[in-house]
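Some notes on the structure that comes next.
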Amino acid sequence: MKIAILGAGNMGLSFSKSFLKYDLIKPENLHLITRNPEKLSRISEAFPSSQISLFEDVRELSADLIILAVKPQDFQSVAHNFKFSLQEGQMILSIMAGITIEKIQKALNHQLVVRAMPNSPTLLGMGITGYTSAEGIPFGKLINIERLLNSTGRSVYLENEELLDGVTALSGSGPAYFYYIVDAMIQAGIEMGIEENLSKLFVKQTMLGAYHLINNSEKNLGELIQDVASKGGTTEAALQTFKENNFTEILKKGILNAEKRARELNG
């Protein structure tokens, strides 16, 4: 299989590294395409055996799979400036937030489109990707794409494309929500007089331990909270403050606004 990645940014390069790590593609069958001339040398150093090109120089693309990894805001400009024609059997895999399959099909005049929404932990092979596809794509080709996606973590097929905007808001943007909360906890530790590196250690290890408890306990989240929050204790004081300030509603509202923005990106 030959793969071309249009938009060799963080996500495009992390996908490339995963494909090579698990021997899903040979380095010489990987074509990385960037719009930024300043990135050429850095990408070439990281992928010495692969083909590296500037977008404007590409006149022909022989790849079996073309991954669209450009920013959604740049898609129309990129589609308008294609200097090559897509071949009949080529597959398109979009990892752009918000841009629908139909819009991609019309812009590229090509029907074989799969749309996916990964998240940043794909950099470590610990991502989660929701994906869906246009009608008429052969099952074998879809399975090949799923194998590629699974090399970056886990993947989930969704029948309903509209759910991908929710996936974008929930898991695509999700890591940033956790970073935001972790940072607030670290800052609280500093305000209480705990040295910054020590505060980071306490918070990060707490987050890691809590994740494993969620994963390994038969209790639901409410029960796990109650295990920590004894009556009249310290945890209850914090939870009561969160409740009084509508923390849950604020968090949910933010996530729903992320979904709304994902829909707007389709323009």
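Remarks
- Only listed residue being out of contact with any helix residue (DSSP H, G or I) (no Cβ under 8 Å at 6 or more places or on another chain) and closer than 30 Å to residue 106 by Cα, chosen from 170, 256, 163, 201: 163
- Once region 17-46 is narrowed to residues that are assigned to a helix (DSSP H, G or I) and of a type in the set (S, T, N, Q), the residue that is farthest from residue 83 (Cα to Cα) is 18.
- Residue in region 89-96 that is aliphatic (A, V, I, L, M), over 28 Å from residue 60 (Cβ atoms) and in contact with a helix residue (DSSP H, G or I) (Cβ under 9 Å, 6 or more places away or on another chain) present: no
- The set of residues in region 79-103 being out of contact with any Leu (no Cβ under 7 Å at 6 or more places or on another chain) and not in a loop (DSSP other than H, G, I, E, B) consists of 80, 101, 102, 103.
- Filter pass, residue 135 being of a type in the set (Asp, Glu), closer than 21 Å to residue 258 by Cα and surrounded by fewer than 17 Cβ atoms within 10 Å (Cβ to Cβ): no
- Qualifying residue in region 154-169 (condition: of a type in the set (Gly, Ala, Ser), at pLDDT 95 or above, under 19 Å from residue 24 (Cα atoms) and surrounded by 17 or more Cβ atoms within 10 Å (Cβ to Cβ)): yes
- Looking only at region 46-73, and only at residues there that are among the acidic types (Asp, Glu) and free of Cβ contacts under 8 Å to residues at least 60 places away in the same chain, the one that is nearest to residue 144 (Cα to Cα): 60
- If you check 49, 14, 53 for being assigned to a helix (DSSP H, G or I) and assigned by TED's automatic domain parsing to the domain that holds residue 117, only one passes: 14.
- Residue check for residue 237: in contact with a Ser or Thr (Cβ under 6 Å, 6 or more places away or on another chain), more than 23 Å from residue 255 (Cβ to Cβ) and either outside the structural domain of residue 118 (by TED's automatic domain parsing) or at pLDDT 95 or above (or both): no
Matching residues to (1) more than 19 Å from the chain's Cα centre (by Cα); (2) small (Gly, Ala, Ser); (3) within 18 Å of residue 2 (Cβ to Cβ):
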{"site": "40", "(1), (2), (3)": "yes, no, no"}
{"site": "44", "(1), (2), (3)": "yes, yes, no"}
{"site": "49", "(1), (2), (3)": "yes, yes, yes"}
{"site": "70", "(1), (2), (3)": "no, no, no"}
{"site": "99", "(1), (2), (3)": "no, no, no"}
{"site": "118", "(1), (2), (3)": "no, no, no"}
{"site": "131", "(1), (2), (3)": "no, no, no"}
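- Close Cβ contacts (under 7 Å, 6 or more residues apart or on different chains) running from residues in region 100-115 that are in the same structural domain as residue 148 (by TED's automatic domain parsing) to residues that are of a type in the set (D, E, K, R) and not in a helix (DSSP H, G or I) comprise 100/161; 101/115; 101/161; 115/161.
- Condition check for residue 250: of a type in the set (Val, Ile, Thr) and either free of Cβ contacts under 8 Å to residues at least 24 places away in the same chain or not in a helix (DSSP H, G or I) (or both): yes
- Complete set of residues in region 68-78 that are surrounded by 17 or more Cβ atoms within 10 Å (Cβ to Cβ) and either small (Gly, Ala, Ser) or part of a loop (DSSP other than H, G, I, E, B) (or both): 69, 70
The values are calculated or read from the model by the stated rules, or taken from the named source; none is laboratory data. Here the structure is a predicted model, which means the values were calculated and not measured. Positions of Cβ are generated from backbone atoms using ideal geometry, with glycine treated the same way; all protein chains shown enter the neighbour counts.
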